[in-house]
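K.L.:
Take a look at the following structure, please.
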Amino acid sequence: MAKRLFLLGVVGLFLSLTVCTLAYAAITVTNQTGDIKITMPDGTQVLVSPGQAMPAIPDGSIIEVVSGSAIISTTGSSYVEVILGGDTVHLGAGDSINAGYNPQTGVATVVLISGTAIVTKADGSTVTLDANNPSYITGQETTPPPTPKPLDIGDAEEEIQVEESPKDISPSS
């Protein structure tokens, strides 16, 4: 009887550790070149600089690329939001992006690696990234120059006079 209880305890411990590992290993951040702020579902915030160990990131976390870039991927049924300046990228199961943000210029870039991602821009509009539209850049939007008004020449007439120069500009022989 004691052997069975011990065996059940070992199997239970193994299963609980496996499930916890799978739940936390489903979101990965790699190739990090700048600071990343992770807000866990319980509100805990962790700032990770390049070269520091990345913590386990549970489902429902928010990853903010404060500066630089990183590849952010999800597996299984995991999901995460990625903040780049004023934009938010929503990733679900099997999605992977290369996300970057330059705080000096306000430029955010997202390149889809796999899956589908939805970008919610600062103004609330959305852009879907997929195989047909795999990238998004913000912060470089410019207002187009105003359309020039047509010239109103009315009834004006102007005489153009051409004066001939007394100097001969023909080649010399």
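K.L.:
Please go through segment 51-109 and pick out each residue that is of a type in the set (S, T, N, Q) and in contact with an Asp or Glu (Cβ under 6 Å, 6 or more places away or on another chain).
P.N.:
Passing the criteria: Ser67, Thr74, Ser78, Thr88.
K.L.:
Going by the conditions given, is Val107 modelled with pLDDT of 95 or more and either β-branched (Val, Ile, Thr) or loosely packed, with under 14 Cβ neighbours inside 10 Å (or both)?
P.N.:
The answer is no for Val107.
K.L.:
Also, quick follow-up: In segment 1-59, how many residues are in a loop (DSSP other than H, G, I, E, B) and at pLDDT 50 or above?
P.N.:
22
The values are calculated or read from the model by the stated rules, or taken from the named source; none is laboratory data. Given the structure is predicted, the values throughout are model-derived calculations rather than measurements. Using ideal geometry, Cβ is built from the backbone for each residue, glycine included, and neighbour counts are taken over all protein chains shown.
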